[in-house]
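As structure tokens, the structure follows; a few thoughts come after it.
The values are calculated or read from the model by the stated rules, or taken from the named source; none is laboratory data. Remember, predicted model here, so these are calculated numbers, not experimental data. Virtual Cβ from ideal backbone geometry, glycine too; neighbours counted across all protein chains shown.
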Amino acid sequence: MKYRVTPLLAGLALVLTACGAPPEARFQWPEAVRDPGALQFRVVEQTVEDVPGETLKGTATTLDAVWAKVGPDAAALAQSLTYPAVDPQSMGVLAPFAQLSPAEIALLPAAVQFNVPYVSCAQLDHRDAQLPEQAAVACDQKQKYLLGPVAMNGGDLADVAASFATNGNGWIVTLTFNTAGTQRWADLTSRAVQKQVAIILGDQILTAPVILEAMTGGNAEISANFSQDLAVGLADRLRDAVWN
């Protein structure tokens, strides 16, 4: 099948920002993702810089067990936060959260995962899937994102294609929405003007562009100075997620 990149309106191109490393070093796609729900579109509520951390082993059976592990002071402060803590006193109280495993982190409310600096992307990137109807926290290579519920998923796609951009600016991945997805994309971008919308595969944010205007064209583009291999690899992973 021959693929065509549909011309995009201003603001429709979804651009992955460079993080200083070659694209091949920045992204590690899952070997196989066979679930349309693994590809998600969520509105970004807030962002904060990630604090480097470790991925520790451990299990937890209940949220109460996690609160007990971090202690009453840390638990109380974490639940009271309405924005990420930065002052030294709060940071000291919240330090026990750095000792939680991904399984324990997954039990915490999304607001706690986001507002506690010691909940790092190293922990967040190894959790089980988050419920689509609830707020969530996910990461790119530099930041944590507090996200709204899933607005769209892979089931809204009709096609995914890697191709060389018609403007000569390198390889891109184009998402083409089906009929229902085109309407959902138009609705989503209408209510998210001047906000970011994150596109997530598994537990990794692929891109989170600012929406400049409502978009009705039924296409979106991901570009990041891709090599051909990386663009084709990403398109393959997205197709795995949607058409298993």
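Some notes on this structure:
- Meets criteria (within 11 Å of the chain's Cα centre (by Cα), surrounded by 17 or more Cβ atoms within 10 Å (Cβ to Cβ), within 20 Å of residue 37 (Cα to Cα) and among the polar types (S, T, N, Q)) for residue 176: no
- Scope the stretch 109-126; condition under 20 Å from residue 43 (Cα atoms) and in a loop (DSSP other than H, G, I, E, B); matching residues: 109, 125
- Of all residues in the stretch 78-101, none satisfies the criterion of being at pLDDT below 90 and either farther than 20 Å from residue 49 by Cβ or of a type in the set (Phe, Trp, Tyr) (or both).
- Those residues of the stretch 170-204 which are outside any helix (DSSP H, G or I) and of a type in the set (Ser, Thr, Tyr), in sequence order: 174, 176
- Across the stretch 187-240, the qualifying residues are those that are acidic (Asp, Glu) and crowded, with 18+ Cβ neighbours inside 10 Å, and the one among them that is modelled with the lowest pLDDT is 240.
- Residue list for the stretch 153-169, restricted to those being surrounded by fewer than 19 Cβ atoms within 10 Å (Cβ to Cβ) and in a strand (DSSP E or B): 158, 159, 163, 164
- The condition of being touching a helix residue (DSSP H, G or I) at 6+ places or on another chain (Cβ under 7 Å), under 26 Å from residue 218 (Cα atoms) and not assigned by TED's automatic domain parsing to the domain that holds residue 76 holds for only one of 140, 156, that being 156.
- Tabulated pairs, the stretch 85-103, first in contact (Cβ under 8 Å) with a residue 24 or more places away in the chain, second surrounded by fewer than 18 Cβ atoms within 10 Å (Cβ to Cβ) and polar (S, T, N, Q), C-beta under 8 angstrom, 6+ apart or interchain: 101/55; 101/59; 102/55; 103/59
- Any chance residue 227 is over 13 Å from residue 40 (Cα atoms) and touching a Gly at 6+ places or on another chain (Cβ under 9 Å): yes
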